[in-house]
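A.B. asks: First the structure, then my questions, so here it is.
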Amino acid sequence: MKASDKLLLLAQSGVIDETVRSAVDSQLGWLSGDLLLDIDSDGVGQMLVTHLAMATRRALQGESVDPPSAEDPAVTDADRSLAAALLERISATSGASFQPGETAYVAAYLSAAKSAS
């Protein structure tokens, strides 16, 4: 399933709203084109897209998640920077304000997705 179809399905089922769908969807080209991540087949890339949608929904609702209890040694400073940039890009289009815990999880997904691609 393509990542854009996954987001549409989440929106149609009421899990996310149109603001969230549109904000995350606007970054799919950057994830697949610039970062060269495979987001259109089952695997870590799809899990990243789903996490971004749920994280954006949480942020818009004022909810937060605790950061991971232990840092993944495979996550690099570059992964953390990319995660922060990605969440800033989503924030610019959705108005969501992300907590640091979300950045840590997105960095872990980016690290894993890069390894899988």
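The values are calculated or read from the model by the stated rules, or taken from the named source; none is laboratory data. Keep in mind that this is a model prediction, so the values were computed, not measured. Cβ sites come from the backbone with ideal geometry, for glycine too, and all protein chains shown count toward neighbours. The protein model used for the area step is the full one, side chains on, heavy atoms only, and it has no ligands, DNA or RNA in it. Shrake-Rupley method; radii C 1.70, N 1.55, O 1.52, S 1.80 Å.
A.B. asks: Would you mind telling me the share, in percent, of accessible area of the chain contributed by carbon and sulfur at probe 1.4 angstrom? Let's see the in-between values first.
C.D. replies: Working: 3020 of 5950 Å².
Accessible surface attributable to carbon and sulfur in the chain totals 51 percent.
A.B. asks: Debye sum, Cα scatterers, region 24-67, no solvent: what log₁₀ I/I(0) at q = 0.29 1/Å?
C.D. replies: -0.99
A.B. asks: Which value, in debye to the nearest 20, gives the size of the charge dipole of the chain about its Cα centre, when Lys and Arg are +1 and Asp and Glu are -1 at the Cβ? The partial results should precede the final answer.
C.D. replies: Numbers: 8 positive and 16 negative charges, 35 e Å.
For the chain, the charge dipole is close to 160 debye.
A.B. asks: When you count, for each residue, the other Cβ atoms within 10 Å and take the mean per peptide, how do 67-78, 82-93, 46-57 rank with the highest first? Can you show the working numbers first?
C.D. replies: On the way: 67-78: 11.2, 82-93: 17.3, 46-57: 21.3.
The peptides rank, most packed first, as 46-57, 82-93, 67-78.
A.B. asks: Further question: Taking only the alpha carbons of the chain, what extent do you get along each of the three principal axes, in Å, biggest first?
C.D. replies: Projected onto its principal axes, the Cα set of the chain covers 37, 30, 22 Å.
A.B. asks: Calculate, for the chain, the solvent-accessible area per residue in square angstrom, rolling a 1.4 angstrom probe over the heavy atoms of the protein chains. Working shown, then result.
C.D. replies: On the way: 5950 Å² over 117 residues.
For the chain, the solvent-accessible area averages 51 Å² per residue.
A.B. asks: For region 1-73, what does the relative contact order come out to in percent, with C-alpha contacts under 8 Å and a separation of six or more? Please report the intermediate quantities before stating the final value.
C.D. replies: Working: 49 pairs, mean separation 25.0, N = 73.
That works out to 34 percent.
A.B. asks: How much net charge surrounds residue 93 when only the other residues with a Cβ under 15 Å from the Cβ of residue 93 are counted, with Lys and Arg +1 and Asp and Glu -1? Could the numbers behind the result be given before it?
C.D. replies: On the way: positive: 21, 57, 89; negative: 17, 18, 25, 88.
Taking every Cβ under 15 Å from that of residue 93, the sum is -1.
A.B. asks: Using 0.36 nm per residue of separation minus the Cα-Cα distance, give me the extension gain between residue 61 and residue 15 in nm, one decimal. Walk me through the numbers on the way to the answer.
C.D. replies: Numbers: separation 46, 0.36 × 46 = 16.56 nm, distance 1.28 nm.
Here the answer is 15.3 nm.
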